[in-house]
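Heads up: the structure comes next, in structure tokens.
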Amino acid sequence: MKFETPATTNPIDQLKVVGQPLDRVDGPLKTTGKAPYAYEQHEAAPNPAYGYVVGAAIGKGRISSMDLGQAKAAPGVLAIITAENAGKLDKGDHNTAKLLGGPEIQHYHQAIAVVVAETFEQARSAAQLVRVKYEAAKGSFDLASVKDSGKKPKEGFGGPPETAVGDFDKAFAAAPVQLDATYTTPDQSHAMIEPHATIAAWEGDKLTIWTSNQMVGWGVGDMAKTLGIQKENVRLISPFIGGGFGGKLFLRADALLAALGARAVKRPVKIALQRALMINNTTHRPATIQRIRLGATKDGQLSAIAHESWSGDLPGGEPETAVSQTRLLYAGANRLTAMRLAELDLPEGNAMRAPGEAPGMMALEIAVDEMAEKLGMDPVEFRILNDTQVDPEKPERPFSQRRLIECLRTGAEKFGWDKRNAKPGQTREGRWLMGMGVAAALRNNLVMKSAARVKLDKSGHITVETDMTDIGTGSYTVIAQTAAETLGVSLDKVTVRLGDSTFPVSCGSGGQWGGNSSSSGVYAACMKLRAAITLKTGLSATEAIFADGKVSAGGRSVSLAEAAGDKGLEVEDTMEYGDLDKKFQQSTFGAHYVEVAVDSFTGETRVRRMLAVCAAGRILNPKTARSQVIGAMTMGVGAALMEELKVDKKRGFFVNHDLASYEVPVHADIPHQEVIFLDETDPISSPLKAKGVGELGICGVGAAVANAIYNATGVRVRDYPITLDKLIDQLPAVA
Amino acid sequence: MAAAAMRSDVHAQTETAPAAVNPVTAPSLAKVSLKVNGKACDLELDTRTTLLDALREHLHLTGSKKGCDQGQCGACTVMVNGRRINSCLTLAVMQQGSEVTTIEGLGTPENMHPMQEAFVKCDGYQCGYCTSGQICSAVAVLGEIKEGIPSHVTEDLMKPPSWDSSEIRERMSGNLCRCGAYSNIMEAITQVAGGRA
């Protein structure tokens, strides 16, 4: 099916199942410990050997010698794989650094060996006996010091490296009110709770991997390419994924090393990356330095907007596209955005939840707050005044839907924004300084080609198969809802099977496109099944009504079980898109409101209340969508207050590489969270009229927290995270 | 950090690093008997096997999760003799004769524990990987409050701890949820607590 013109009325609009706040269909499995994750395949892959990964102890350089003697002689050791004995390996299209390093070391904790042994304990013990000599090379590890060597990156996922409209310099110079400020965001880690984990098993030249991966198709392709084998010989199974956030978009060392290990020892090998290895071994969200200049008239109309961002990555890597939202969020005739990418020898930078917008809005939405204050305007009203209904860089492109103003107004009313004292540092509650902050949210809506197979059996039961993944997003559930709605059956008549490369290729989970795009692929397949059913039953396709497990037309009614017959019916289809995303700018919008209390003695910030108002098209399941948003808000609080990978600038690695020292929000940090979805459909996005929502929730949250802290204390911090040391010496006198 | 580095942050040591490793010896095996979810289990294990790996790799009870293997995330939380512990931080042989309750022992998809039901109803999870630990902790937390065991935020040690959200949040803070389901988890626990308190 091709989606080329805006959706009209279709079976999804019945909203009998879609749009309902249903419990997750995989809930009973997940809450009873019965959902099998990658490392938990005792039946499918019995008698595995265990792999333990050895990571490089330098940030850059070479291995000059490696002594495996003692390790090989250790009890239970079956094999040790290194670059020297692994055979010829290529590098995956989605990897920047090699997954098995040596002799050249590209980054700290790059895998250089895997020890395979009979038991986990033996593999772990033997891994300690691998002796390596290095020749360390001088590396580049400090973004601030190499920033000016940054080059214009090539055009990538986040659009062109530079854009310009009008004459920014002239307009900025002429603007009666100006802001010129620089903000920094640190390196951050996905820190999903399930480590990257894989079991690999070979049968002849065919490889099966049970692995934790968001993008089944990419994983198959990159495994095949890395090993130099045919894609057809790789099967990737990823039924449950214990969190990804972008960190499991790619083939990683656990998968490759398990495959190499299993080939060497001729039996299944299982590997989970050790927690303390994960942060430097895998990818992270790169740090940014962002300069924002805003020029406005005295009445608050933005006339000049510039956003420049610097980030770093390994050679061949990509920038953090932190200027993306600034191209779209506010009106203003004279504009400029630019990204520069410097070479760093830190571990590989890559996508983490809302790449680009998440750190970009952490900066932009403080700048907007600062500008509103300079103008003496309420920050909500300032944003509303500068709203735009067209792409400000290409005014001929309207937004498909843009209800940012309604998000802001609804939020202000529900949150009690009128009780905020615009003058900072004025509101006290005992020892606590109280403040409120607001930020806008924008995240683009991407639509991706996605395929599915749908089967109807003789009992009237529907089975959907697609290689889509559920990383906690609710894919199992919204796909089941889509099939049930389209075919007129109840949810318990649908089984959804995901995460297997033998199923039709889906869009995968990334960029908040998964829910809408994969469900649209399932919708396409279900519509094809409807056609097959009417053809087989001789009912009029145009009149047929699918409801209550039956198809009816012209006074005749046939149950789906009967229509299926003994052989059943099976169809496959792909949803593909025309150019509606070119003609229209498709984005999702929101407003975040946050109240904080800052300890007037210690500078410790506690988040008291949070509200997000979201306009993100049709919400396929308000329960799971709400969870996506509160989860993203939680990660946004982490980004605002605590998350920072500390760089050892001399030795070149992230120092706090575990869950004790890389702090993420815990229960005690997060209050009750409110989410409001505006009642919306976007027929330009997809037949489901839905959009993405999983990343919208994090966009702007950090700035809303920062702005609330400013409102509470009068201290403007432009370097995240806002830890108490950045506040304490500037807090108002206590007594 | 240093302790963590010794344990699982294996990076290859340079030859100039102090040789802290013992000579290679065959593993010591030991017999251990546990009562897991009411069922007697006799195992012969490498003495280095954690309770978590005994459950997951030897008894194939994979509901208890390995998130960090170093006591930082809480995904491996189980109850041993009625108290919750991080099962990655105890060796199986240290638990000779213990009664262990895992997520599988609380309920099944067909017959769920009230806390499991509340998690489903309140959507107190997303990816599901921290969930077993959250639920085991939640069940234990309500027990701890009921028994009058104070926490860091209990204001008056001479009075029974309250059932309010700050007590529960504090006690649950050893269970990380990176999907950020905290607000929903609190709702689930509060619902169950409301039914019991």
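The set of residues in region A:183-209 being touching an Asp or Glu at 6+ places or on another chain (Cβ under 9 Å) and within 26 Å of residue A:312 (Cα to Cα) consists of A:183, A:184, A:185, A:186, A:187, A:188, A:189, A:191, A:195, A:196. Take the residues of region A:630-661 that are farther than 30 Å from residue A:106 by Cα and hydrophobic (A, V, I, L, M, F, W, C): which is nearest to the other protein chains (Cβ to nearest Cβ)? Among them, the one singled out is A:630.
Taking the criterion of being part of a loop (DSSP other than H, G, I, E, B), crowded, with 21+ Cβ neighbours inside 10 Å and at negative phi, would at least one residue in region A:630-643 satisfy it? Within region A:630-643, one or more residues are part of a loop (DSSP other than H, G, I, E, B), crowded, with 21+ Cβ neighbours inside 10 Å and at negative phi. Filtering region A:411-423 to residues that are assigned to a helix (DSSP H, G or I) and either crowded, with 18+ Cβ neighbours inside 10 Å or not assigned by TED's automatic domain parsing to the domain that holds residue A:673 (or both) leaves A:411, A:412, A:415, A:417. The strands (runs of 3 or more DSSP E) falling completely within region A:239-322 that include 2 or more residues that are away from chain B (no Cβ under 14 Å) and within 30 Å of residue A:181 (Cα to Cα) map to A:288-296, A:302-313.
Scanning region A:595-629 for residues that are assigned to a strand (DSSP E or B) and within 14 Å of chain B (Cβ to nearest Cβ) turns up A:597, A:606, A:607, A:608, A:609, A:610, A:611, A:612. Just one of the listed residues (A:483, A:440) is under 11 Å from residue A:525 (Cβ atoms) and at pLDDT 95 or above, and it is A:483.
Could you list, in sequence order, all residues of region A:121-138 that are farther than 25 Å from residue A:104 by Cα and in contact with a Ser or Thr (Cβ under 8 Å, 6 or more places away or on another chain)? Matches in region A:121-138: A:121 only. Residue B:175 passes every criterion in (1) touching a residue at least 40 places away in the same chain (Cβ under 8 Å); (2) at the interface with chain A (Cβ under 10 Å from one of its Cβ atoms); (3) part of a helix (DSSP H, G or I) apart from (3). Listed by position, the helices (runs of 4 or more DSSP H) enclosed by region A:108-220 that each have at least 1 residues that are away from chain B (no Cβ under 14 Å) are A:143-146, A:168-174. Assessment of region A:697-709 against the conditions (closer than 30 Å to residue A:622 by Cβ, out of contact with any Phe, Trp or Tyr (no Cβ under 6 Å at 6 or more places or on another chain) and outside any helix (DSSP H, G or I)) yields at least one matching residue. Taking region B:64-90 as the range and being in contact (Cβ under 8 Å) with a residue 40 or more places away in the chain, on the phi > 0 side of the Ramachandran plot and more than 13 Å from chain A (Cβ to nearest Cβ) as the test, only B:82 passes. Just one of (1) more than 14 Å from every other protein chain (Cβ to nearest Cβ); (2) under 19 Å from the mean Cα position of the chain (by Cα) fails for residue A:706. It is (2).
Please tell me if residue A:498 is within 26 Å of residue A:563 (Cα to Cα), within 14 Å of chain B (Cβ to nearest Cβ) and either surrounded by 24 or more Cβ atoms within 10 Å (Cβ to Cβ) or modelled with pLDDT under 95 (or both). Yes; evaluated as a whole, the condition is true for this residue. Going through (1) farther than 20 Å from residue B:89 by Cβ; (2) at the interface with chain A (Cβ under 10 Å from one of its Cβ atoms); (3) modelled with pLDDT of 95 or more one by one, residue B:37 falls short only on (2).
Residue B:88 satisfies every condition listed in (1) part of a helix (DSSP H, G or I); (2) farther than 13 Å from residue B:53 by Cα except (2). Kindly provide the set of residues from region A:221-238 that are hydrophobic (A, V, I, L, M, F, W, C) and assigned to a loop (DSSP other than H, G, I, E, B), ordered by number. Residue satisfying the conditions is A:229 alone. Among the residues of region A:694-721, those that are out of contact with any Gly (no Cβ under 9 Å at 6 or more places or on another chain) and touching a residue at least 60 places away in the same chain (Cβ under 8 Å) comprise A:716, A:718, A:719. Is it the case that some residue within region B:91-100 is under 17 Å from the mean Cα position of the chain (by Cα), within 12 Å of chain A (Cβ to nearest Cβ), crowded, with 24+ Cβ neighbours inside 10 Å and part of a helix (DSSP H, G or I)? Yes.
Of the candidates B:144, B:187, B:155, the single residue that is at pLDDT below 95 and among the acidic types (Asp, Glu) is B:155.
Being touching a helix residue (DSSP H, G or I) at 6+ places or on another chain (Cβ under 8 Å) and assigned by TED's automatic domain parsing to the domain that holds residue A:351 is a property that holds for residue A:92.
The set of residues in region A:590-625 that are among the aromatic types (Phe, Trp, Tyr) and crowded, with 21+ Cβ neighbours inside 10 Å contains only A:593.
The values are calculated or read from the model by the stated rules, or taken from the named source; none is laboratory data. Nothing here was measured: the structure is a model prediction, and the numbers come from that model. Cβ sites come from the backbone with ideal geometry, for glycine too, and all protein chains shown count toward neighbours.
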